[in-house]
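For reference, the structure discussed in these notes is given below.
Nothing in this text is a laboratory measurement; each read-out follows from the coordinates by a stated rule. Nothing here was measured: the structure is a model prediction, and the numbers come from that model. Neighbour counts are summed over all protein chains in view; Cβ atoms, including those assigned to glycine, are modelled from backbone coordinates with ideal geometry.
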Amino acid sequence: MTIDRSTLSHFDRERASVFHSWSAQATLNPLMVRDTNGVYVTDEDGNTYLDFSSQLVNTNIGHQHPAVVKAIQDQAALLCTIAPQHGNIARIEAAEKILDHSFEGAAKVFFTNGGTEAVEHAVRMARLHTGRHKVMAQYRSYHGATATSINLTGDPRRWPSDTASAGVVHFFGPFLYRSVFHASNEQEECERALENLERTIQFEGPSTIAAIILESVPGTAGIMVPPAGFLQGVREICDRYGIVYIADEVMAGFGRTGSWFAYQQHGVTPDLVTFAKGVNSGYLPLGGVVINEAICETFANRVYPGGLTYSGHPLACASAVAAITAMEDEGMIENAKMIGETVLAPALHAMTEKHMLIGDVRGVGVFWALELVSDRATKEPLAPYGGTSPAMSELVAACRREGLLIFSNFNRIHVVPPCNITVDEVNEGLARLDRALSSISSAYFG
Ligand SMILES: Cc1ncc(COP(=O)(O)O)c(C=O)c1O
């Protein structure tokens, strides 16, 4: 049936024809974006927003980086697409660049279209490599929205799709602010979380566990930077029981924490690393798995039973090469570290003096969470776990009115700007956030 849409606004056409992720469709009010540039997003009415969300925490180099736009244009003129069994120089260069920034012994890269497929394939590789089936993942984690990755996910997004967790065993990781281990400091939290993990493995049967998958810094679940020694402890446990250690760096990787990969700050060597988002700042869909030598060897003479029509798509790979090169040439990793240490850490901690609603501030690099509570003593969250509240909705609306795009989840807001944001831009964003927080101060009861 053909409909005359000529009189409809873009908004009405969007609402009529597009089905959105993670949403009740009738309740939506999407921002209609006209264009973007650097740290700014402009809507169709000409209003400009400072992007403190990096969209879905993926535009690590900001919007419309000219070198990446040009690389995509040049690649499009040369070779738009080719079947994955053929080689092409864009895919080779992307793999080499990713390996150059990876751990010692990182051997090859398998490319996917995004993060969830990277997780699916990393788990498949680990299962086939070990001949075991179970995979362990943390509560308070997110690993993607397809069959295996949603079952691995340790937050309420799993619940509607949970097929009795399909070979997944969840465990509590370290999170001192809401410690389930009754710990009073980071060291205790770390030791008890590791002890709990090892006990869980022993009771599950070590010989049944193929892999432990961990976000090196859990992202959407709350930006909980692991305490010193935790990831090393996980590595040791994996070695003890012959378990594959998968570092999920889909959100934490490519500069977000102020290093190329977050695991590097913890001195550990994973066996498999999943990546997406920041690899090319999402200019085209791309993800993948970095594979160590031993797992590559497993598939040297044995068929790897998996593939994708667009594994190593030339346009996406060309954009990754350009994005990584821009990050190298423009010192973006160093900038993210500097912004975290000298601007965001002091400013966000200072905000806790003024805004009683802020129960906890945590993060690293350009990866920060504010945990909002209505009472500091009881730590009552400003929205329930897995839900929202009028105060949280009002805060997001107030940010929007202030011209600030912010990432929010349950009772948290995340300050996750691009890695190349300037000090002035951060300070401008923080001033807008400060005003938005003031506008909901009456939600504090403590
Ligand atoms: C840690 C982590 N893993 C996996 C995914 C899934 O990635 P994608 O949405 O590209 O499928 C995400 C997405 O936010 C993520 O943060």
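When +1 charges are put on Lys and Arg Cβ atoms and -1 charges on Asp and Glu Cβ atoms, the dipole computed for the chain relative to its Cα centre reaches about 980 debye.
Expressed in Å, the radius of gyration and Dmax of the Cα atoms of segment 296-430 are 20.2, 62.
Its alpha carbons give segment 355-430 an Rg and a Dmax of 12.8, 38 Å. Legend: Rg and Dmax of segment 67-329, from Cα coordinates, 18.2, 59 Å. Per-residue Karplus couplings for segment 140-149, computed as 6.51 cos²θ - 1.76 cosθ + 1.60 with θ equal to phi - 60°, are listed in order as 6, 8, 9, 10, x, 10, 9, 3, 6, 5 Hz, Gly and Pro entered as x.
Here each label is just a point 7 Å from Cα along the line to Cβ, and for THR7 and ALA300 those points are 7.1 nm apart.
In this simple spin-label approximation, TRP22 and GLN202 carry label points 7 Å from Cα along the Cα→Cβ vector, and these lie 3.8 nm apart. Computed over segment 287-436, relative contact order equals 20 percent, with contacts defined as Cα pairs under 8 Å that lie 6+ residues apart.
Applying 1/(1 + (r/R0)^6) with R0 = 22 Å to the Cβ-Cβ distance of LYS70 and ASN37 gives a FRET efficiency near 0.90.
Across every direction, the projection of the convex hull enclosing the Cα atoms of segment 214-275 has a mean area of 3.8 nm². Placing R0 at 35 angstrom, the Cβ-Cβ distance between ALA107 and LEU79 gives a FRET efficiency of 0.85 after rounding to 0.05.
For the chain, relative contact order (Cα pairs under 8 Å, six or more residues apart, normalised by length) works out to 20 percent. Placing pseudo-labels 7 Å out from each Cα toward the beta carbon at GLU394 and SER438 gives an inter-label distance of 1.6 nm. Here the dipole of segment 67-329 is about 660 debye; that uses its Cα centre as origin and unit charges on the Cβ of Lys and Arg (positive) and Asp and Glu (negative). Put in order of Cβ neighbour count within 10 Å, fewest first, the listed residues THR274, THR220, THR7, THR325 become THR7, THR325, THR220, THR274.
Round to the nearest 0.05 the FRET efficiency obtained for ARG15 and VAL180 when R0 = 30 Å and r is the Cβ-Cβ distance.
Details: r = 42 Å, r/R0 = 1.40.
According to the calculation, E is roughly 0.10.
Comparing GLN202, THR153, TYR177 along the charge dipole axis of segment 67-329, the residue lying farthest to the positive side is THR153, per the Cβ-charge model. Under 12 Å from the Cβ of ARG401, count the other residues' Cβ atoms, weight Lys and Arg +1, Asp and Glu -1, and hand me the total. For residues surrounding ARG401, the net value is +1. In the chain, helical runs assigned H by DSSP with n ≥ 4 each contribute -39500 (n - 2.57); averaged across all residues and rounded to the nearest 500, the mean residue ellipticity at 222 nm is -11000 deg cm²/dmol. A Gaussian network model of the chain, with springs between Cα atoms under 10 Å, assigns the largest mean-square fluctuation among LEU78, LEU272, LEU128 to LEU78. Stretching ALA431 away from ARG240 to a fully extended chain increases their span by 63.8 nm, per 0.36 nm per residue minus the current alpha-carbon distance. One quarter of the surface of the convex hull around the alpha-carbon atoms of segment 1-109 equals 11.9 nm², the direction-averaged projected area. Given springs between every Cα pair under 10 Å in a Gaussian network model of the chain, which of PRO285, PRO390, PRO206 has the largest fluctuation? It is PRO390. Please list, or write none, the lysines whose alpha carbon is within less than 23 Å of the alpha carbon of LYS379, excluding same-chain residues fewer than 8 places away. Cross-link targets: LYS354.
Please compute one quarter of the surface area of the Cα convex hull for the chain and express it in square nanometres.
Values: hull surface 90.9 nm².
Orientation-averaged projected area of the Cα hull: 22.7 nm².
When only Cα pairs below 8 angstrom with a gap of at least 6 residues are kept, segment 67-329 shows a relative contact order of 30 percent. Residues HIS313, HIS20, ranked from the fewest to the most other C-beta atoms within 10 Å, line up as HIS20, HIS313.
Ordering LYS134, LYS108 from the fewest to the most neighbouring beta carbons within 10 Å gives LYS108, LYS134.
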